[in-house]
Amino acid sequence: DIQAGLPTAARRHLPDAPFLVAARGGIPERVPVWFMRQAGRSLPEYRAVREGVPMLAACFDPELVREVTLQPVRRHGVDAAILFSDIVVPLVAAGVDLDIVAGTGPVVAEPVRTPDAVAALPTLDPAAVAPVAEAVRLLTAALGDTPLIGFAGAPFTLASYLVEGGPSRNHEHTKALMYSDPETWHALLDRLADITLTFLRAQLAAGVDAVQLFDSWAGALSERDYRQYVLPHSARVLSGLADAGVPRIHFGVGTGALLGAMREAGADVVGVDWRTPLDEAVRRVAAAPGEFAAGPVVQGNLDPAVLFAGDEAVRAHAERIVAEGRSADGHVFNLGHGVLPQTDPDVLTRLVELVHRLPVR
Ligand code: 1CP
């Protein structure tokens with residue numbers, strides 16, 4: 001049993017939370033809004049509590065995770081909290097030698113590029129992420145009626161960091177392994193799917209109300225390659241979460257051509273960057289085959305750079321996105337990728353107020 005040894009918390013009953021209503025394809029009392037990377041460098045209170053604490057140390061400190069996760073909820077009044085963590089946390093917990101280097105991102109000591117390296121990858125013991133589960137329990141006790149989103153990196157995006165050894169523009173080592181040695185590639189993604197599933201199930205057992213699977217760099221692939229090399233592994237993760245009955249969000253950047261396939265992988269909610277109009281994204285998601293509890297539900301679409309363009313531009317973009325989102329069964333307002341570090345937090349607070357005043361239907 002993958003949850004063995006972990007105390008299971010009863011999930012909160014939040015039938016009217018706008019984020020959960022929309023994520024399930026219903027009509028909420030207001031358009032729910034949260035922001036990817038809402039906890040982070042744009043907030044002075046975040047910089048204050050992170051002072052002198054390395055990123056990974058912060059991720060394994062339940063009290064610090066609780067505080068940082070709550071900061072954007074307090075400040076902006078967003079409709080969901082997202083657990084403060086990182087996609088590489090389960091890899092570190094499993095024993096992979098990597099660090100998060102400030103200003104760079106994850107850096108892996110020994111890139112994984114051979115069959116032997118893949119075979120040597122450790123598995124994740126849920127007990128190794130007990131501090132994350134503890135943070136989830138602290139948060140569900142502190143959040144009142146605000147839902148908590150857990151998250152993990154999808155197998156492809158995790159593979160990119162492991163194979164490249166760090167952030168990459170072109171993912172050339174990753175694709176080289178994928179095209180030259182499909183057997184090793186699938187073995188790698190299979191192991192990463194296990195780690196991701198264990199990490200997400202630990203968060204669910206501790207009480208998160210929804211999960212987001214970040215396949216941030218999947219947009220580097222053609223639809224054909226995504227289907228052949230990635231989709232089956234992400235589908236195994238998402239189907240392995242179905243029994244929890246919580247909304248499963250699936251997001252990537254530059255994934256306009258993949259939106260249908262990402263829905264097919266088992267996404268209740270499909271995240272959309274700013275390159276595809278939201279109503280077009282809804283059509284692509286709606287056309288995807290599969291058994292789902294609700295019709296198309298989408299999240300995202302506001303270019304994070306628009307937040308630098310002044311209130312008039314922000315208003316125009318937000319109104320367009322909410323109007324286009326009405327063609328979906330459910331729409332969760334968000335950015336098309338994470339909050340940029342230089343963003344003025346007051347712009348985010350005003351955007352939450354604006355979205356909450358717009359008519360749902
Ligand atoms: O508030 C929130 O949204 C929670 C914070 C969060 C999330 C959701 C962090 C904190 N990381 C993540 C997920 C994550 N990490 C993703 C998926 C989301 C996305 O696409 O943005 C990815 C790709 C990473 C990898 C990563 N970790 C990067 C990107 C590097 C690259 O390839 O360009 C970076 C810079 C990190 C470190 C990191 N994670 C989070 C923070 C606040 C930081 C910076 C920490 C520091 O330098 O001290």
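Taken together, the values in this text are just the output of simple stated rules run on the coordinates, not laboratory data. These numbers come from a predicted model, not from an experiment. Counting neighbours? That spans all protein chains shown, and the Cβs are built from the backbone with ideal geometry, glycine included.
Quick look at the numbers
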{"item": "Percentage relative contact order, region 18-355, counting C-alpha pairs under 8 Å, at least six apart", "result": "21"}
{"item": "Farthest toward positive dipole pole in the chain [+1 Lys/Arg, -1 Asp/Glu at C-beta], among ASN334, ALA80, ALA313", "result": "ALA313"}
{"item": "Listed residues PHE156, PHE60, VAL129: farthest to the positive end of the dipole of region 18-355 (Cβ charges)", "result": "PHE156"}
{"item": "Fraction in percent of alpha-carbon pairs per bin - 10 Å, region 14-79", "result": "19, 40, 26, 14, 1"}
{"item": "Alpha carbon centroid spacing (whole Å) that separates region 230-251 from region 174-210", "result": "11"}
{"item": "DSSP H segments from the chain that extend 30 Å or more along their own axis, Cα-based, with Kyte-Doolittle mean of -1.0 or above", "result": "182-206"}
{"item": "Positive minus negative residues near ARG24 (Lys, Arg vs Asp, Glu; Cβ under 10 Å)", "result": "-2"}
{"item": "Around ARG284: net Lys/Arg minus Asp/Glu count, Cβ-Cβ under 14 Å", "result": "-3"}
{"item": "GluC sites (Glu not before Pro) restricted to region 21-98 and DSSP loop, no more than 15 other C-beta within 10 Å", "result": "GLU29, GLU51"}
{"item": "Isotropic mean projected area of the C-alpha convex hull, the chain (nm²)", "result": "15.9"}
{"item": "Residues ILE149, ILE100, sorted so that the one with the fewest Cβ neighbours within 10 Å comes first", "result": "ILE100, ILE149"}
{"item": "Cα centroid separation - region 258-323 against region 75-91, whole Å", "result": "20"}
{"item": "Relative contact order [Cα under 8 Å, 6+ residues apart], region 239-334, whole percent", "result": "26"}
{"item": "Within region 18-355, percent of DSSP bridges classed antiparallel, to nearest 5", "result": "15"}
{"item": "Per-residue Cβ neighbour rank within 10 angstrom, fewest leading, LEU302, LEU340", "result": "LEU340, LEU302"}
{"item": "Overall dimensions of region 98-192 as given by Cα atoms, namely Rg and Dmax in Å", "result": "16.4, 51"}
